[in-house]
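To start, the structure under review is shown below, and the notes come after it.
The values are calculated or read from the model by the stated rules, or taken from the named source; none is laboratory data. Predicted, not measured: the structure shown is a model, and the values here were computed from it. Heads up, the Cβs are rebuilt from the backbone with ideal geometry, glycines too, and the neighbour counts pull from every protein chain shown. Surface accessibility is based on the protein's heavy atoms, side chains included, excluding ligands, DNA and RNA. Shrake-Rupley method; radii C 1.70, N 1.55, O 1.52, S 1.80 Å.
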Amino acid sequence: MFMTIKNPLAKLSIWVILLIWSVAVIYPLLWTLLDALKNNEQFFLNMPWALPEFPLLWSNFSYVWSKYNFSTYFMNSIVVTVGSTLLGMILSAMTAYILARYEFKGSKLLFTIYISSMMIPFALALIPLFFLLNDLQLVNTWLGLILVYAALNLPFGIFLLVGFYKSLPKEIEEAAIIDGTSHYGTFFRVMLPLSQPGLITVMITNMLNNWNEYFLGVVLTNEPTKYTLPIGLAVMQAEMQYRVEWGPLFAGLLITTLPTLIVYIVFQRQIASGITAGAVK
């Protein structure tokens, strides 16, 4: 689209806007990295905006990793994020496939209920959800967070994949059934591989949401050994009200942010293509 613009002034305006936007996005990340390499003395000398002095304190990252248990928080985040993302993705795909390819009484109502649930603030269900998980002995467990995060991811995944499955020709399923493939085989062996663009988008979106989720995590976990990275970062910040260590604090923030940034940079094309894949039938 950009290459089709002929007006030089319009092109220049777009370049300027993109440049300003890039600076606005990149500068905070660069500033966080530079401050993560400083010691307290550089901050106290009114140098928070200056470049770090040599030698650069890369040890701030290892200090945070061991001193503030970021190694444990990082592992918890990986387990919870991967588990909830995979579970939410497969459940979204199966539900969306049924709603898109099979007509039955109440299917449209069921789809409407799923989509409508996206408008309900999950904070309203927080108290009953806590008591439910507590009765099931799932508070302070990986499994509890995985199930809750996967359930929260379902509406968006279903919304995205229903449109994608509707765009696939029915002849594909008919050919598979003629060849003797069962309904389950048709889904797992034929339709699921064809829905890869949409699945990648659901996977990455869920992964970013689950990795950064804080509110439910802090309510459903109260043991430090089960904290995820956002909770661990908040605990670290609270401790630093009494022992200020600005360099390690920025290092912890960067450790928390960097994985999601890498995932988004690597898969940004797949995200865009997956969102638009089911838009045109």
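Structure summary
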{"read-out": "Nearest-ten-degree value, helix 107-116 long axis tilted from longest Cα axis of the chain", "value": "10 degrees"}
{"read-out": "Cα centroid separation - the range 93-148 against the range 5-61, whole Å", "value": "40 Å"}
{"read-out": "Spatially close lysines, pair count over the chain: Cα under 23 Å, gap of eight or more or interchain", "value": "9"}
{"read-out": "Accessible area (Å², 1.4 Å probe, nearest 10) - E41", "value": "120 Å²"}
{"read-out": "Cα shape, the range 156-197, gyration tensor, a/c 1.5 rule", "value": "prolate"}
{"read-out": "Accessible surface, the range 187-258, averaged per residue in Å² (probe 1.4 Å)", "value": "45 Å²"}
{"read-out": "Pairwise label distance in nanometres, N7 with A175, each label 7 Å out on the Cα-Cβ vector", "value": "4.7 nm"}
{"read-out": "Percent RCO, i.e. relative contact order, over the range 12-132, from Cα pairs under 8 Å lying at least 6 residues apart", "value": "13 percent"}
{"read-out": "Accessible surface ranking that places the most exposed of F131, F104, F250 first, with a 1.4 angstrom probe", "value": "F131, F104, F250"}
{"read-out": "Nitroxide proxy distance, nm - points 7 Å out along Cα→Cβ at A151 and E41", "value": "5.4 nm"}
{"read-out": "Label-to-label distance, nm, for residues given as S59 and Q237 (7 Å Cα→Cβ offset)", "value": "2.7 nm"}
{"read-out": "Karplus (6.51, -1.76, 1.60) ³J(HN,Hα), θ = phi - 60°, over the range 22-36, in Hz, Gly and Pro reported as x", "value": "5, 4, 5, 8, 7, 4, x, 5, 5, 5, 4, 5, 5, 6, 5"}
{"read-out": "Shape category assigned to the chain from the gyration tensor of Cα positions, a/c cut at 1.5", "value": "oblate"}
{"read-out": "Helix 142-166 axis, angle to the chain major axis (alpha carbon atoms, nearest 10°)", "value": "50 degrees"}
{"read-out": "Gyration tensor (alpha-carbon) shape descriptor, the range 103-162, a/c threshold 1.5", "value": "prolate"}
{"read-out": "Tilt relative to the chain, helix 229-239 - C-alpha long axis, 0 to 90 degrees, to 10", "value": "30 degrees"}
